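Data block below; observations after.
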């Protein structure tokens, strides 16, 4: 039986839940607010975000290996890019050439629950094949999220994350 078919007892509510999510995501960068919806220089789409025509974001995956499962865990996050790198990423969005592109520097722009602040951690955004969301690599610091990305986590840690995310 795959680990995602198992249930678990939640540390947040003490109840048994069916399944165990191996992915969570954020709908918008931490800097987005509802009043920006009426701003002509701002847009929030499925994969990109622009705020006041001066801050540029792309959606990405922060992949964390799971040492005792047959699949990875991932956070759906937003990363800020420079204007030039954002433009370059969009120019190559539908091109097979994007996989050959060097990684882009960015700042993590998502606050992840259960960690010390994750906003503004340094990242490298790596392109993927067309149709696949890019992924990020965190700067190798001692921040708990960076350590987990380097060393991996266990299914028990995913249960802890689920308790925090689902019962925030």
| field | Single condition residue 70 does not satisfy, out of (1) within 30 Å of residue 154 (Cβ to Cβ); (2) touching a strand residue (DSSP E or B) at 6+ places or on another chain (Cβ under 9 Å) | value | (2)
| task | Would you list the strands (runs of 3 or more DSSP E) that sit entirely within the stretch 83-168 and hold 2 or more residues that are over 22 Å from residue 70 (Cα atoms) and either at pLDDT 95 or above or in contact with a helix residue (DSSP H, G or I) (Cβ under 7 Å, 6 or more places away or on another chain) (or both)? | result | 104-108, 122-126
| said: Tell me yes or no: at least one residue of the stretch 39-57 is buried (at least 17 other Cβ atoms within 10 Å of the Cβ) and either under 26 Å from residue 154 (Cβ atoms) or modelled with pLDDT under 95 (or both). | reply: no
| query | Quick one: how many residues across the stretch 100-158 are farther than 23 Å from residue 90 by Cβ and crowded, with 17+ Cβ neighbours inside 10 Å? | reply | 13
| If you take the residues of the stretch 70-92 that are touching a residue at least 40 places away in the same chain (Cβ under 8 Å) and farther than 21 Å from residue 138 by Cβ, which of them is surrounded by the most Cβ atoms within 10 Å (Cβ to Cβ)? | 90
| Among the residues listed as 19, 14, the single one being at positive phi, in a loop (DSSP other than H, G, I, E, B), at pLDDT below 95 and touching a helix residue (DSSP H, G or I) at 6+ places or on another chain (Cβ under 9 Å) | 19
| request: Might you let me know whether the stretch 37-56 holds any residue that is under 20 Å from the mean Cα position of the chain (by Cα), assigned to a strand (DSSP E or B) and over 20 Å from residue 136 (Cβ atoms)? | output: yes
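The values are calculated or read from the model by the stated rules, or taken from the named source; none is laboratory data. The structure displayed is predicted, hence computed values, not measured ones. Cβ coordinates were reconstructed from backbone atoms using ideal geometry, including for glycine residues, and neighbour counts include every protein chain displayed.
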